[in-house]
Amino acid sequence: MTPPDAPRASRRRRKIVARCRSIADLRAAARRRLPRSVFDFVDGGAEDERTLTDNAAAFKLLRFQPKMLVDVTTVDMRTTLLDGPSALPVIVAPYGACGFSWPRGDHAGAEVAEAAGIAYAMSSTASVALEDIAARHQGRRWFQCYIFRRREITAELIARAEKAGFETLVITVDLPVGGNRERDYRNDFSVPFRYTPRNVTDFALHPEWSITTLRNGMPTLANLAAFGNVNDVNATASSVGRNYDPSFNWDDLAAIRDRWRGKLVVKGIARGEDARRLVALGADAIAVSNHGGRQLDGALPTLFCLPEIRDAVGRAAEVYLDGGIRRGTDIVKALALGADAVMLGRSLLYGIAAGGAVGARRALDILTQELGRTMQLLGAPRLADIGPHLIARSDLLAHLDPSIARTLLPEADASPAVARPEHHYEKDPVS
Ligand SMILES: Cc1cc2nc3c(=O)[nH]c(=O)nc-3n(C[C@H](O)[C@H](O)[C@H](O)COP(=O)(O)O)c2cc1C
């Protein structure tokens, strides 16, 4: 029997979504629909949210120097990721507890990824079971796994993913312990959900969300339901993270690499030396990520970790980036600094929260259109035309915005290499 899909958006919701012109508009629509505790769970980061803010600010700091008089009548955004086709240089990032944003919203993400011809990385802490995703969606399915203290859970989840035909395993390594997400504590947000006077009031103020959610049942972490002692195991989402294994290390990862026959992505990397060691261990792709600023506050924005990591691995592995991508221009900047693809986290989640599958599609359409238009305006009609030569030199950027440059780009005046890592880019940028 086919498992139930995510419920469809009402006509009113579809209209709200259709009016959204940007990811910021979808975020605003999500904010209006969700109770505050749920919105903050999606939107928030760790502690002072410095890294959350910096991830996005780093993109805004870079500026383009476009090429003119190039025929940009047609734009080709297709690429190959991990030996498979990808219609865009984009992957749907894993997000746990998605059912709080939209009932069984995981299906919305998977459906939209399949229709768009891009990979969907399902979270181990998703709100639907991995077998349900496999039963409903034929596209490129990747499975993200956390490392649980009870190691048999990790081993079994990976075995289930293999059996269900997930092609790629994503191991997230930036969560040895839960980040300190203070918004969740203040709002009494936890999984499994606990009703408190504060969040019951919050629900009452958001009747559309409350009725839909209660009608479909409070979301659970469905992949973990089989492991007994559910409450304890499930208390992993959000700020708690107490069931993750802080002892997980290189040897443990090597053992996973030995067992898993498909492609392996390691997510949550910030240093070139770690990336190089991962390539030696047999990782096929490195995902430069700080968990969207939800873990270590004060971590360098991912965009600024990227050149070092691309440099360290050369072409021996693919490199992805996530964190703060809200515009097509952000995608181009990540590609220009060495990423093969970006992973979409909140930008797609805001869409799901605003309108389920319709909202997710709107988010992806907006970003696709922005990406295509940016490539045309830059004189870069193919992905291979995008490179660091299209980004303005960092000493010029420092003049433009010295305060941001000092905060985010400490060596901006001295070292143009930060924003112009010509050496890592293998293709001839002049075309
Ligand atoms: C609500 C939420 C849940 C997340 N759950 C997971 C998860 O289960 N596994 C994981 O590897 N990353 C998870 N992440 C991190 C994302 O995969 C991604 O790294 C991050 O969202 C990228 O930053 P951005 O949202 O600013 O684009 C989650 C992020 C959010 C916002």
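Quick notes on this structure:
- Accessible carbon and sulfur surface of the chain relative to its total accessible area, %, 1.4 Å: 52 percent
- Nearby lysines by direct alpha-carbon distance to Lys263 (threshold 23 angstrom, same-chain neighbours under 8 apart not counted): Lys163
- Per residue, the chain exposes 41 Å² of accessible surface when a 1.4 Å probe is rolled over the protein heavy atoms with every protein chain present.
- Between Leu281 and Ala115, full extension at 0.36 nm per residue minus the direct alpha carbon distance yields a gain of 56.4 nm.
- Amide H contacts under 5 Å for Leu344, placed H, 5+ residues apart: Ile91, Val92, Ala93
- Lys263 long-range amide H proximity, modeled H, under 5 Å: Leu169
- Each listed q (0.12, 0.13 Å⁻¹) maps to a log10 I(q)/I(0) for region 11-385, found by the Debye formula over equal Cα scatterers with no solvent: -0.86, -1.03.
- Unit charges on C-beta of K, R, D, E only; dipole of region 11-385, Debye: 1340 debye
- The trypsin sites (Lys or Arg not before Pro) of region 1-104 meeting both criteria, a DSSP state outside H, G, I, E and B (loop) and at most 14 other C-beta atoms within 10 angstrom of the site's C-beta, are Arg8, Arg19, Arg21, Arg78.
- For region 28-36, backbone phi angles converted through the Karplus equation (6.51, -1.76, 1.60; θ = phi - 60°) give residue-by-residue couplings of 5, 5, 5, 4, 5, 7, 7, x, 4 Hz, Gly and Pro being listed as x.
- Other-chain or far-sequence residues with amide H under 5 Å of Leu81's (modelled H): Ser86
- DSSP beta bridges confined to region 11-385 are antiparallel in about 10 percent of cases.
- Rounded FRET efficiency, nearest 0.05, which uses the C-beta distance separating Asp365 from Arg215 and R0 of 25 Å: 0.30
- Between the beta carbons of Arg21 and Thr74, assuming R0 = 30 Å, the FRET efficiency works out to 0.80 to the nearest 0.05.
- Mean projected area in nm² (Cα convex hull; one quarter of hull surface) for region 101-151: 3.9 nm²
The values are calculated or read from the model by the stated rules, or taken from the named source; none is laboratory data. All of these numbers come straight from a predicted model, not from anything done at the bench. Neighbour counts run over all protein chains shown; Cβ positions are idealised from the backbone, glycine included. Side chains included, ligands, DNA and RNA excluded: accessible areas come from the protein's heavy atoms. Shrake-Rupley method; radii C 1.70, N 1.55, O 1.52, S 1.80 Å.
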